[in-house]
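None of the figures in this text is laboratory data; all of them are computed from the coordinates on show. Since the structure is predicted, the reported quantities are computational estimates derived from the model, not experimental observations. Heads up, the Cβs are rebuilt from the backbone with ideal geometry, glycines too, and the neighbour counts pull from every protein chain shown.
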Amino acid sequence: MNENIIKIDNLKVYFPIRRGIFLQTFGYIKAIDGINIEINKNQDISVVGESGSGKTTLGKSMVGLIKPTGGKILYNFNGKTFDMSKQLPIDVRQSIQMIFQDPFSSLNPRLKIIDTLKEPLEIRKLFRSKKEMIDYLGELLEKVGLKREHLYRYPHEFSGGQRQRISIVRAISMKPNVIVLDEPTSSLDVSVQSQVLNLLQDIKKEYNLTYVFITHNISVAKYMGQKIIVMYLGKIVEINDADKLIEKPFHPYTQLLLSTVVEIKSEHAEKEVKIGEPPSPVNIPSGCRFRTRCPFAMEICAKKDPPLSDHEGSLVACHLYSNQKKEISVNNS
Ligand code: SF4
């Protein structure tokens, strides 16, 4: 039976826009605007979207770094359900880890690697002696292709790829159940990106982890996820199994993302979806928020926000596939 490990229920994250000497609120950036996701244990989810889609805010909310404005993120830890926005026991908090895009800024440049890695382990008192802990960390470093003696070096002595390997060690050292990975390879040289992705796949299998992989690159999303969630301006616009979504994307925005990847160009886009720029998240278009870039936009698209609904096994938020569109076509015919 598939066991739910994370359940996101109508999540909203709004950031106030403040101006003036009294920092009055002039509006909100709706970084996440009412999304629902269920993730099963050991399922790999990729979240894909451009900058400003809300995917990083989603990742940070999942590990409790950002408090929701509305809705809930529920986390199933050893059969008990925890609300990620609340104060959590340390073992629960540490069992969801996050790996960030820039490994350099996530490592303290003034601390040797050993000092960065040992801190969370000491809080948990997981080891009987310092030697036991150092042996453990040394083994993990070797597992990711580094050396034990690297424990005594500083972050600036490593390449970007090596620093990301250290970030991976820091995450797995706490024996997590879930890791949220926010563009973990996008700051690395192309030559080392695939090495790190392969390492992450091996680590996942060995430690029986659930990954939530955040990326702007839909081909990386396919490689890392069994299921892909496509986000646009704070909303989910399509969810499907990775293979099916790549083979037959329905939402025009998913088609746009695919059209930017040479090796998996969509053959299903009837009209070319122009890349363009997403609108400002401060001024989100009415109705479907993709309508200002969509070549299929209809009258209803400006009036009604399309809900996610099932279309040939994919969940798609688009009036092209909704009953309203069918009703309009019938009325116009
Ligand atoms: Fe395009 Fe309308 Fe579908 Fe939005 S709802 S993606 S504007 S066709």
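A compact table of results
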| item | result |
| --- | --- |
| Of all DSSP beta bridges in the chain, antiparallel share, percent nearest 5 | 65 |
| Dmax and Rg, reported as Rg then Dmax, of the chain (C-alpha, Å) | 21.5, 78 |
| Those aspartates and glutamates that a straight Cα-Cα span of less than 16 Å connects to K67, excepting residues fewer than 8 apart in one chain | D9, D33, D83 |
| Most mobile listed residue (K235, K304, K130) in the chain, GNM with C-alpha springs under 10 Å | K130 |
| Given K12/K60; K143/K175; K143/K204; K12/K55; K130/K205, the pairs whose alpha carbons are separated by over 18 Å | K130/K205 |
| Using θ = phi - 60° and Karplus 6.51 cos²θ - 1.76 cosθ + 1.60, couplings along region 281-298 (whole Hz; Gly, Pro as x) | x, 6, 10, 6, x, 5, x, 6, 6, 8, 5, 6, 10, 9, x, 9, 4, 10 |
| Gaussian network model of the chain, Cα within-10 Å springs - most flexible of L245, L65, L117 | L65 |
| Debye log10 I(q)/I(0) for region 1-126, one point scatterer per Cα, at q = 0.19 Å⁻¹ | -1.18 |
| Amide H partners (placed H, <5 Å) of F213, local residues excluded | I45, S46, V47, L181 |
| Choice from K86, K227, K248 showing the highest fluctuation, given a GNM over the chain with Cα pairs closer than 10 Å | K86 |
| Alpha-carbon centroids, region 1-55 and region 60-109: separation in whole Å | 13 |
| Phi-based couplings in Hz for region 24-29 (Karplus 6.51, -1.76, 1.60; Gly and Pro marked x) | 5, 7, 9, x, 9, 8 |
| Loop-located chymotrypsin sites (Phe, Trp or Tyr not before Pro) in region 1-63 whose Cβ has at most 15 other Cβ within 10 Å (DSSP) | F22 |
| Residues whose placed amide H lies under 5 Å from that of L233, excluding near-sequence neighbours | S53 |
| Residues with amide H under 5 Å from that of S85, placed H, sequence gap 5 or more | I73 |
| Kyte-Doolittle mean at least -1.0, axial Cα span of 15 Å or more - DSSP H helices of the chain | 113-124, 130-143, 160-173, 190-207 |
